[in-house]
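A.B. asks: The structure follows.
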Amino acid sequence: MITKYCLWATSAMVLLVIQPEPSESAHILAVHPYASHSHNNLYGPIIKALTRRGHTFTVITSQPVNSPPSNYKQINTSNIFEDHHKVFNSMDKDMGVLRLFAKVMHMTDDICRKTLFHPEVQKLIHPSKSSERFDLILMTNFFGECLYGFSHVYKVPMILLSPAGPFPTTYSAIGTIVLPSAVANPVMGFDDRMTFWQRIINSLSTIGFTVFYKGFVLPNMYSIMKEAFGEDIPDIKELEKYISLAMVNHHFSLNGAHPLGPNLIEIGGIHVNPPKNLPKDLQDFMNGAGEDGVIYFSMGSILRSANFPLETRNAFIAAFSELKQRVLWKWEGENPLPGQTNNVRLEKWLPQQDLLAHPNVKIFITHGGLNSFQEAATRGVPLIGIPFFADQIGNVQRAMNLKVAVKLDCKNLTKLNILNAINEILNDPSYSINMKNIQSIIADQRDHPLDRAVYWIEYVLRNKGAKHLRPAAADLKWYQLYMVDIFFVMIVIPNLALICIGYIILKFIKKRCQSKKKTEDSSKKEQ
């Protein structure tokens, strides 16, 4: 199966490189000042592929590249993002939804303001001060509405790139109707096929997020945007009309089948490349594990296992010491650790995609990040998920529902729990079999996600913004979209009218009855 995937991916990459460049190259503005290393796994391959095809770029980025090509100019905003990036490095077990939203809101306001008032960005906001002209904008969908003003300045179409998958605001911006009864909020950790009570909770959380975002976050963004772009900048809802399509880091085999209009493109797994040879010492370590195999442990690029509390770190060391398997642990702290046994190897950085392709990897212990989930599925490796916040919760729940993962509670990481999770997967072959099946489904795609992304970006360029992709739903008010006005006219008003008519009739009958009774009483008195 791995061979099948490698051939498929290699062919796709070769075709991308050798296909002829477009007859007209475009000048593209890419805006992603919120990008972490994992987010750049989506942005980076797309921009590199387009530069190879002759397009030129100006990129506002928190992840600058070394030795950029001649047709690539970058504005480095890494110093702005770094302080906020550190906030999410901690293993905060009590980071609930409200705390996460508060941190994100503070991050959004600060990065928006500092990015928009960066001297180089100010030159782009005021084209009269520079000679820049653009044909297209690739815009982050990660709380990036304050940056939509560029589309109005240059009067060019905008494509949203969503590294964490679609948000509720993604769907509303492009006019895709998604009901919380059928699509779970990833933060809640539900499957799309929810129980009655889960549908209630999911609906309330989705409505709550929407009210919070549109009532508090967006007004703050718009206020900052007016300071930077000028008082005459249209509101965010009006700027959304420049959006041609959104490309999201999802694939239905992993994230479920969701409503997709022609302007919503799934490109999940775009960053996954054919596996390369491992460094010799690492290859020897993997090969030397024999039939017992290797357990790979990494908490991703944002979370750091070196920030584990001492008791948690010791629980993992104690659990690993009882295993026959070798353990390869991405560990950013001191090396070796007290109590570390010979079967455990610590490394500050590891080539994760290449490691997961090694046939001796039996389990991947992960925080449940979307990219890690995609890489494990593409390589066919079952998971132990330790989610902390945000979409990690939903990703791990989805993997559990597919029976390719076991979940560990980040608030209760003990030696016994860790060993039980490891033995559950090692002793039940269905986890590996199920993941191999998903690996086969992912490999069965008509085109590589990178080819798909490049095609649709150039499609928008060729078709002058491709406004025909935008459904009418994108331009309706919320009460029009969800037929509240129709419900009011067809149900509420007629029922109110009937109630009023009924009330009047009852009053009339009552009055007649009272009048008749008075007449009868009068007649009796006269008699």
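A.B. asks: So, Ile422, is that one hydrophobic (A, V, I, L, M, F, W, C) and touching a Ser or Thr at 6+ places or on another chain (Cβ under 7 Å) or not?
C.D. replies: no
A.B. asks: So which residues in the range 455-476 are outside any loop (DSSP other than H, G, I, E, B), within 24 Å of the chain's Cα centre (by Cα) and touching a residue at least 12 places away in the same chain (Cβ under 8 Å)?
C.D. replies: The answer is Trp456, Ile457, Glu458, Val460, Leu469, Ala473, Ala474, Asp475.
A.B. asks: State all residues of the range 184-220 that are of a type in the set (Val, Ile, Thr) and either within 30 Å of Asp110 (Cβ to Cβ) or in the same structural domain as Leu254 (by TED's automatic domain parsing) (or both); if no residue qualifies, say none.
C.D. replies: Residues satisfying the conditions are Val187, Thr206, Ile207, Thr210, Val211, Val217.
A.B. asks: Under 27 Å from Asn249 (Cα atoms) and assigned to a loop (DSSP other than H, G, I, E, B): which single residue out of Arg452, Arg446 fits that description?
C.D. replies: Every option except Arg446 fails the conditions.
A.B. asks: Within the range 122-134, track down each residue that is more than 18 Å from Glu231 (Cα to Cα) and part of a helix (DSSP H, G or I).
C.D. replies: Result: Lys129, single match.
A.B. asks: Out of (1) modelled with pLDDT under 90; (2) in contact with a strand residue (DSSP E or B) (Cβ under 9 Å, 6 or more places away or on another chain), what's the single condition that is false for Ala257?
C.D. replies: Answer for Ala257: the failing condition is (2).
A.B. asks: Which residue pairs have Cβ atoms under 9 Å apart, sit 6 or more places apart or on different chains, and have a first residue in the range 316-344 that is at pLDDT 90 or above and a second that is assigned to a loop (DSSP other than H, G, I, E, B) and among the aromatic types (Phe, Trp, Tyr)?
C.D. replies: Phe316/Phe308; Lys330/Trp349
A.B. asks: Check Phe212, Phe216, Phe196 and return the single one that is farther than 28 Å from Ala466 by Cα, free of Cβ contacts under 8 Å to residues at least 40 places away in the same chain, surrounded by fewer than 20 Cβ atoms within 10 Å (Cβ to Cβ) and of a type in the set (A, V, I, L, M, F, W, C).
C.D. replies: Result: Phe196 is the single residue among Phe212, Phe216, Phe196 that is farther than 28 Å from Ala466 by Cα, free of Cβ contacts under 8 Å to residues at least 40 places away in the same chain, surrounded by fewer than 20 Cβ atoms within 10 Å (Cβ to Cβ) and of a type in the set (A, V, I, L, M, F, W, C).
A.B. asks: Hey, can you tell me all the residues within the range 477-491 that are surrounded by 12 or more Cβ atoms within 10 Å (Cβ to Cβ), free of Cβ contacts under 8 Å to residues at least 60 places away in the same chain and of a type in the set (A, V, I, L, M, F, W, C)?
C.D. replies: Those that are surrounded by 12 or more Cβ atoms within 10 Å (Cβ to Cβ), free of Cβ contacts under 8 Å to residues at least 60 places away in the same chain and of a type in the set (A, V, I, L, M, F, W, C): Met483, Val484, Phe487, Phe488.
A.B. asks: Another question about this same structure. Search the range 127-153 for residues being of a type in the set (Ser, Thr, Tyr) and crowded, with 21+ Cβ neighbours inside 10 Å, and hand back the single one that is nearest to the chain's Cα centre (by Cα).
C.D. replies: The extreme case among them is Thr140.
A.B. asks: How many residues does the range 386-405 hold that are assigned to a loop (DSSP other than H, G, I, E, B) and either over 21 Å from Phe316 (Cα atoms) or of a type in the set (S, T, N, Q) (or both)?
C.D. replies: So the answer is 4.
The values are calculated or read from the model by the stated rules, or taken from the named source; none is laboratory data. Nothing here was measured: the structure is a model prediction, and the numbers come from that model. Neighbour counts are summed over all protein chains in view; Cβ atoms, including those assigned to glycine, are modelled from backbone coordinates with ideal geometry.
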